[in-house]
Amino acid sequence: MQDLGNLGTAIRPLFFTIPNTVGRQSGMRCYSPYFRSPETIQYYDTKSPFSRLNYVIGGGGRTLVDIDFARNVNPNWNVGFNFTRVISDKHLNPARRRGDRNAESFNYHFHTNYSSENQKYRLLAHFSRNAHDAVENGGILPEGDFASFFDDNDRNVAINGNPISGELRTNYHVFHQYEVSKLLQVYHSLDRTKQSNYFRANNIVQDTAFFSKRNTNVAAVDDLGQFRNFQNEAGIKGDVGELFYNFYLKRRDLSFSSSYKNSIMQSAENAAGTVIRYDFSDITNVGFDAEYTIGNFYRIGASVNHKYLEASYKRARVAPDFFFLNYGGTFNDWRRNFNTTAMDELRGQLNLQYKNIVLQPALSLSNIDRHIYLNQEASPKESVQLISPRQTGSSVQLISPELNLNFSFLRNMHFDTKVIYTLRTGEEADVFQIPDLIGNAQLYYSNFLFGSKLEANIGLDVHYRSAYYAYDYAPAIQSFFRQDNFQVPDVLVADVFVNFKISRVRVFLKMTHVNQGFPDPGYFYTPYYPGVPMIFDLGLNWLFFD
């Protein structure tokens, strides 16, 4: 992932993936990883009360609180909730007091599940909400040499006045099914999602040159992009011997608006799909899935999973996101007409094990045609931040060999590593800004101590990324965009950690970026946004149940 160097800031995946949804989406997704999507919600059948507390106190005013609670009302009905809060203070030009917020996220959801006495009918439902705010600073102004970027007394941020960007997202989800027999279950699911992305500033006159030449006399900004999705899916599924099948119909009613333009785009999508899987054994299966949406949007996929081999193929034709087609804000304004994006992905992985050595070589091949992205039209720090969407006129290929190697030695020592190399080809390959080489390694000691009452892990984490032109970030539209004027140097970050478990309690202690000053005084993941310096973190995970 790539973020702005602090917990709770805008974030994006480094690697390209084929989306599961081929119809239109919002396109504003830099805060999506902080939202609990329906497929990640956990439902419980606890019989007795259950609680889980995950509490992390990080240096520099970073805090994570994650609480789960669930209990059964009766043997067939369970209710519960989750509460998650993420807080981080500024580490760029912070105030000389605590609580100088950089980012804050408040996420909660309520869930319930019910089954009839005969177990024929089952209901799963939840409501989730996430309110996420981040103070935007635009990163560091390029003044002085590289070392000055990490000198607290010698750096100025690009945006003053503490403008706020954020997202408010809610989701209602209901799934229920009736089991006629093992051969046939009838189901229906409903989702209603509302996503509001905003950028607000009360005093931004002195910083308008950072954004664009439009509206240079603006004193107050209140931009809003709003996406709504009302989705219904109905289908049948079941098991015929070792064969699982699922056939369904889906309807999506969508809208997207941007307040500055006072425009609304609407779409109604009808789709049909299937999932088929045959299980030869617990560890061997083959699968096929497909979905077609009227308008010639589709995805198909096939997979083979075996003890020694995993292979998959995916192909998709995806509709352009609303955001890229029509957006109007104080500093950014466009209307475009893009073609659909076509993409293929072929992936294979070997799973080899000899005694205490696990070797997993893998290869991923992707072909992306007519890719849509945001491009920088001028330097954001030297003049203005002019950004507009573009579409490639040719296809780009991504070739990514990968190696996972894990082994133990000296009885209690372990070494785990993952290395990914990415080769980009095609006339417009530079639109995919991915490091050539990424590596993670972990060396640690693991053992049970004090008569097996304490489980301990002590070790070192190392992360490496080669130098590349990373995507920059546009605060006013909460989006990452392609740039070619700031090459992020290669990154080497090492963390020292101690983990231990006693009964139902897990505790970790970590010194992050313990190698600060060697080889460099700091690092970037995003241009002009320094990463977290050497800092101490402490975390606790505690389970409570009868």
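The values are calculated or read from the model by the stated rules, or taken from the named source; none is laboratory data. Keep in mind the model is a prediction, meaning the values are calculated, not measured. Using ideal geometry, Cβ is built from the backbone for each residue, glycine included, and neighbour counts are taken over all protein chains shown. Just the protein is used for accessible areas: all its heavy atoms, side chains included, with ligands, DNA and RNA removed. Shrake-Rupley method; radii C 1.70, N 1.55, O 1.52, S 1.80 Å.
Data overview
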| quantity | calculated |
| --- | --- |
| P(r) histogram, all alpha-carbon pairs of region 29-79 included - 5 Å bins from 0, percent | 5, 16, 16, 19, 19, 13, 8, 5, 1, 0 |
| Segment THR17-PHE450, extension gain: residue separation times 0.36 nm, minus the distance between their alpha carbons | 151.3 nm |
| ASN447 long-range amide H proximity, modeled H, under 5 Å | ALA456 |
| Within the chain: Cβ-based charge dipole about Cα centre, in debye rounded to nearest 20 (Lys, Arg +1; Asp, Glu -1) | 1320 debye |
| From phi via Karplus (6.51, -1.76, 1.60), per-residue ³J(HN,Hα) for region 497-514 in Hz, x at Gly/Pro | 9, 9, 10, 8, 10, 10, 6, 9, 10, 10, 10, 10, 10, 9, 9, 7, 6, 5 |
| Within the chain, longest stretch free of exposed GluC sites (Glu not before Pro) [DSSP loop, at most 12 other beta carbons within 10 Å] | 243-381 |
| Interchain or long-range residues, amide H under 5 Å from GLY161's placed H | none |
| Positive-end extreme of charge dipole, region 231-378 - chosen from PHE322, ILE300, SER366 (charges on Cβ) | PHE322 |
| Net lengthening on full extension, VAL180/LEU309 (0.36 nm per residue, minus Cα-Cα) | 42.8 nm |
| Filtered trypsin sites (Lys or Arg not before Pro), region 331-374: DSSP coil and at most 10 other beta carbons within 10 Å | LYS355 |
| 5 angstrom amide H check on PHE297, placed H, neighbours 5+ away | none |
| Positive dipole terminus of the chain, leading residue within ASN375, ALA272, ALA342 (C-beta point charges) | ALA272 |
| Theoretical FRET efficiency, 1/(1+(r/R0)^6), r = Cβ-Cβ of ASN440 and LEU363, R0 22 Å, to 0.05 | 0.75 |
| From phi via Karplus (6.51, -1.76, 1.60), per-residue ³J(HN,Hα) for region 536-543 in Hz, x at Gly/Pro | 9, 10, 9, x, 9, 10, 10, 9 |
| Karplus 3J(HN,Hα) series, Hz, for region 19-27 with 6.51 cos²θ - 1.76 cosθ + 1.60 (x for Gly, Pro) | x, 6, 9, 9, x, 5, 10, 4, x |
| FRET efficiency, 1/(1 + (r/R0)^6) with R0 35 Å, evaluated for ASN118 and GLU242 via beta carbons | 0.85 |
| Segments 1-10, 270-279 sorted - mean Cβ within 10 Å per residue, highest first | 1-10, 270-279 |
| Extent along principal axes [Cα atoms of region 425-493; Å; largest to smallest] | 61, 31, 20 |
| Projected-area average for the chain over all orientations - Cα convex hull basis, square nanometres | 27.2 nm² |
| Charge dipole (the chain, unit charges on Cβ, about Cα centre) - positive-most of ALA125, SER312, VAL462 | ALA125 |
| Within straight-line cross-link reach of LYS510, aspartates and glutamates at Cα separation under 12 Å, skipping those fewer than 8 residues along the same chain | ASP461, ASP495, ASP537 |
| Stretchable slack from ARG506 to MET1, in nm (0.36 nm times residue separation minus alpha-carbon distance) | 179.2 nm |
| The chain - percent of accessible surface contributed by carbon and sulfur, probe 1.4 Å | 56 percent |
| Taking the C-alpha atoms of region 14-138, convex hull volume expressed per residue in Å³ | 154 Å³ |
| Computed E for PHE338/TYR464 - FRET, C-beta separation, R0 56 angstrom, nearest 0.05 | 0.95 |
| Under 21 Å from LYS250, Cα to Cα: lysines that are on another chain or at least 8 residues apart | LYS194, LYS237, LYS314 |
| Reach of LYS47 by Cα under 19 Å, taken over aspartates and glutamates that are not fewer than 8 positions away in the same chain | ASP68, GLU117, ASP546 |
